[in-house]
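Here's the structure, in structure tokens; my notes come after.
The values are calculated or read from the model by the stated rules, or taken from the named source; none is laboratory data. None of the values given here were measured: they were computed from a predicted structure. Here the Cβ positions follow ideal geometry from the backbone for every residue, glycine too, while neighbour counts run over all protein chains shown. Surface areas here come from the heavy atoms of the whole protein model, side chains and all, with no ligands, DNA or RNA. Shrake-Rupley method; radii C 1.70, N 1.55, O 1.52, S 1.80 Å.
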Amino acid sequence: MRIILLGPPGAGKGTQACRIEEKFHLPKISTGDILRRAVREGTPLGLKAESMMKDGLLVSDDIVVGLVEDAVGREECRRGYVLDGFPRTISQAESLTRIDGRRPERVIEILLGSEELARRLAHRRVCRTCGAIVGSEDSPPPGGDGGRCPVCGGALEVRSDDRPDVIRARLEIFDAQTAPLREYYRSRNAYHSLSGNGTPEEVFGRISVLVEGFLGGAAEERRS
Ligand code: ADP
Ligand code: ZN
């Protein structure tokens with residue numbers, strides 16, 4: 001089973017991908033996390049990706065597709081995985097089929113209105129040391145001392161692509177390049193969507209019901 005989380009920046013894909021990983025033991029592959037780590041560590045790949053990410057633009061397919069290919073090939077992904085942040089374009093979706101076409105795929109889009117997205121992104125912080133994304137609930141109040149990372153105690157900062165003009169660019173790219181994936185997956189009978197409103201627990205409750213259905217359906221197919 002391959003689960004693809006779709007949704008605009010700020011919809012909560014990263015948070016929900018972690019929870020799916022914990023509950024259903026499907027490893028999470030987050031291209032945003034992998035790229036941010038490469039930037040933090042200053043690897044050659046990170047140096048290439050950095051300026052695109054700062055401006056909220058898409059990193060080139062050859063970089064991102066290569067990352068996903070490496071991640072999917074790992075032993076722990078044998079049973080399946082959850083993708084967060086990939087595919088983001090039709091061409092990336094086609095690459096995914098080329099990389100790993102056998103596995104059934106299910107897409108879950110987390111829907112959220114633009115006002116709530118903007119509110120969440122404005123509160124979001126990232127840990128300078130370990131890269132953990134800290135959501136609005138745990139965030140320090142704006143104007144405070146910046147707060148500390150709940151994972152490692154490192155200093156928190158605003159993600160370089162969570163500034164208002166960059167957020168606008170990312171939302172435009174989502175509408176132009178990523179939203180067409182809805183039709184792409186709908187026509188393959190793989191598209192599902194649910195509301196991203198409410199607490200992370202509430203959203204995860206909705207996701208769990210869907211994923212349990214997917215896994216039940218897959219087991220059924222194997223038996224018949
Ligand atoms: P978001 O909050 O927008 O979902 P992510 O953490 O998924 O952010 O991604 C952050 C940035 O990393 C993107 O704006 C883009 O520059 C780059 N990136 C992540 N995934 C991809 C991808 N599949 N293709 C191209 N660029 C990507
Ligand atoms: Zn940290």
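Worth pointing out:
- Residue within segment 116-127 that is within 16 Å of ligand 2 (Cβ to nearest atom), of a type outside the set (Lys, Arg) and more than 16 Å from Ile4 (Cα to Cα) present: yes
- Looking at segment 1-118, the strands (runs of 3 or more DSSP E) lying wholly inside it that each contain 2 or more residues that are open to solvent by 30 Å² or more (accessible area, probe 1.4 Å) and within 21 Å of Ile207 (Cα to Cα) sit at 105-111.
- Residues being within 11 Å of ligand 1 (Cβ to nearest atom) and in contact with a Lys or Arg (Cβ under 7 Å, 6 or more places away or on another chain) - total across segment 54-82: 3
- So Ile63, is it among the β-branched types (Val, Ile, Thr), under 22 Å from Glu172 (Cβ atoms), in the same structural domain as Lys13 (by TED's automatic domain parsing) and out of contact with any strand residue (DSSP E or B) (no Cβ under 7 Å at 6 or more places or on another chain): yes
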